[in-house]
Amino acid sequence: MINAAWIALGFLAIVLLARGLKASQRDAKMPPGPPGLPLLGNLHELPWSKSYLKMLEWSRKYGDIYSLKLGSTNVIVLSSADVVTELFDKRGAIYSNRPDSYIANELLCPNETHLLLMSYGPAWRHLRKTFMSVLNISTVQTLRTLQGIEASQTMKDLCDTPERFSQHIRRYATGVILSSVFGTRAESFDDPNVKEIYRVQDQFSEILEPGNTPPVDAFPWLQYLPSGLASWKQRAAEVYKGQHDLYHGLLNGTKRRIANAGYVNCFMDRLLSDEEKAKHNLDDEHLAFLGGVMMEAGSDSTSSTLLSFILAMVKYPHVLKKLQAEIDAVCGDERSPTFEDMPSLPYVQACVLETMRWRPAVPAAFPHVLTQDDWYRGYFLPKGSMVIANVTAIHQNPNDYEDPSQYMPERYYKNEHGLKPGRVADPARRSVYTFGAGRRVCPGMHLGENSLRINMARLAWGFDFLPPLDSVTGKEAPREQIPVDVKSAYTDGVSSGPKDYKCRIVPRSRKHVEIMRKDLELAGPEIDQYRKQ
């Protein structure tokens, strides 16, 4: 009997091994890609962090659509806007699902609460519809006053303590979201809500980055490991608890404020009104995470992009001078820019787009999943394939952009897509892919773009951005030595921004300082409704 049992186990092992070997082989009809190892495929070649840079390298060799094998999982990587437009935008009905991720869907965000991670289906459509009801263009336009006020706070903060610029920018990004979503202000970076939002978001971004956890979906048996042998399970539980406690705390605070002081102009107040509650039928868990997801999307991407903009102004002073000249021609030194000035400030908009292209806050879009077999350019794309739009590769595509590694806002003067001369864009193409594509494009993109416009305009109007001084010689650091390389100067994670850096932020004149301080004083009555009550 023992011999028979061992024979049976041996036979089963051989069968499983044979299946694993076959599953890890690339179908000859699929797009080309790097050769892999038996069972592993290309898993061993993906780095633990910034895997999008390795995928960018592969795109130079295998083209703008290629395939990988992660164990038995087929992965299709898209590296040009043309491919993304065709598959995600024009064939969105079959390219809008998400991977069935054990870590994301079972440990981090159970019960279909997180719009980013949910499968494409009725529950996702219902929650997406709720998002769009409070993030439509007309509603977002009513929040421009709030964004202008928070920008005024940021400019005043930069006048007072310019060395804390990174914290002031982060406070702005979180402050706008806290006010617009939960109706409460964060007046400094030291506000407990601000610190907790960034702590939780950093952990969430890190654990979701490919390579940061074991390949559980490629090797499902890993999910049965006890927590004592799987530190990643403990990390995931801590991240979920941090999000749950923060988001529910903010929701409960909103309910208390409504009961004590009434409603204000914010998303959650509208969703908690009797009419909206009846319409959307969401429990507290989904309401809390709906508000939390808005904060995740808005705070990290806005702050990362604005910090990249400041870094670019230090590195490329000719861009700053051109930007200041345009703004001065409209506003002079008598007032700071407003949203009403934006149609007259095309170079501001060019800088917004170029900053998002040059250093996208989300370097690789979260994976989609193909729900049925498909063919493209003669390649077979199997049902169940994970499909990744590598935003970094798309934005650095030399076929589309002249000197793509350079920061050149002028490219968006030539056409709305920033393309090199002679390159004709598909009408459905997006100017940038920082907000994603297809049916899962970020619903808060208009709110985010408004924040970037008003802040970039006011930063350039009010300040000069200079390299730091050498601590030994006292001389200004050479601009060519200022690090802007993604590999060394940017953070890891699903979302990415500049690592801490030093620069000098100097008001352009005493008059500019007076106006920036006055802007915040005049906003006082409008701010009062968002102060904690």
Scoring segment 4-532 by relative contact order with C-alpha pairs under 8 Å, at least six apart, yields a percentage of 23 percent
Would you mind estimating how fast the chain diffuses translationally, via Stokes-Einstein at 10 °C and 1.306 mPa s with the Kirkwood radius over Cα pairs, in µm²/s?
64 µm²/s
Give me, ordered by chain and number, the residues 5 or more places off Ala389 or on other chains with an amide H under 5 Å from its own placed amide H.
Leu78, Ala365, His368
Give the Cα extents of segment 293-443 along the principal axes, in whole Å, largest first.
61, 40, 28
Looking only at the chain, where both bridge partners belong to it, what percent of the DSSP beta bridges are antiparallel (to the nearest 5)?
85 percent
Given Cβ point charges of +1 (Lys, Arg) and -1 (Asp, Glu) and nothing else, what value in debye, to the nearest 20, does the dipole of segment 152-294 about its Cα centre take?
160 debye
About the Cα centre of the chain, how large is the charge dipole given +1 on each Lys and Arg Cβ and -1 on each Asp and Glu Cβ? Please answer in debye to the nearest 20.
720 debye
Measure off, as a whole percent, the carbon and sulfur share of the 1.4 Å-probe accessible area of the chain, all protein chains present.
56 percent
If I fit a long axis through the Cα atoms of helix 346-358 and take the longest principal axis of the Cα atoms of the chain, what angle between them do I get, 0 to 90°, rounded to 10?
30 degrees
Chain lengthening between Arg439 and Tyr263 when straightened (0.36 nm per residue, less Cα-Cα)
60.1 nm
Taking amide H positions as placed in the peptide plane 1.01 Å from N, state which residues far from Arg504 in sequence (5 or more) or on other chains have amide H under 5 Å from it.
Leu466
Loop-resident GluC sites (Glu not before Pro) in segment 301-366 with no more than 10 other Cβ atoms inside 10 Å, DSSP not H/G/I/E/B, are Glu334
Whole-Hz ³J(HN,Hα) from phi, Karplus 6.51 cos²θ - 1.76 cosθ + 1.60, for segment 201-206, glycine and proline x:
5, 4, 5, 5, 5, 5
Trypsin sites (Lys or Arg not before Pro) within segment 298-355, DSSP loop, no more than 13 other Cβ atoms inside 10 Å:
Arg335
Which of Leu320, Ile207, Ala237 sits farthest toward the positive end of the charge dipole of segment 4-532, with +1 on the Cβ of Lys and Arg and -1 on the Cβ of Asp and Glu?
Ile207
Name the residues whose placed amide hydrogens come within less than 5 Å of the amide hydrogen of Tyr376, ignoring near sequence neighbours (fewer than 5 apart) on the same chain.
Leu381
With the label point 7 Å along the Cα-to-beta-carbon line of Glu285 and a cut-off under 18 Å to each amide N, the hits in segment 237-273 are 237-252
What does the convex hull of the alpha-carbon atoms of segment 310-366 project to on average, in nm²?
4.8 nm²
With the dipole of the chain defined by +1 on each Lys or Arg Cβ and -1 on each Asp or Glu Cβ, the option from Thr174, His114, Ile394 whose Cα lies farthest towards the positive pole is Ile394
Between Glu106 and Gln141, 0.36 nm times their residue separation minus their Cα-Cα distance comes to what?
8.9 nm
Residue by residue through segment 139-153, the couplings from Karplus 6.51 cos²θ - 1.76 cosθ + 1.60 with θ = phi - 60°, in Hz, x for Gly and Pro, are 5, 4, 4, 5, 8, 5, 4, 4, 5, x, 5, 5, 5, 4, 4
Full-extension gain in nm, Asn415 to His44, via 0.36 nm per residue minus C-alpha separation
129.4 nm
Solvent-accessible area per residue for the chain at a 1.4 Å probe radius, Å²?
43 Å²
Karplus-derived 3J(HN,Hα) from phi for segment 435-441 (6.51 cos²θ - 1.76 cosθ + 1.60, θ = phi - 60°), whole Hz, x at Gly and Pro, runs 8, x, 7, x, 6, 9, 4
Out of every Cα pair in segment 228-366, what percent are spaced more than 19 Å from each other?
69 percent
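The values are calculated or read from the model by the stated rules, or taken from the named source; none is laboratory data. Since this is a predicted model, take the numbers as computed values, not measurements. Backbone-built Cβ (ideal geometry, glycine too); neighbour counts: all protein chains shown. With ligands, DNA and RNA removed, areas are computed over all heavy atoms of the protein, side chains included. Shrake-Rupley method; radii C 1.70, N 1.55, O 1.52, S 1.80 Å.
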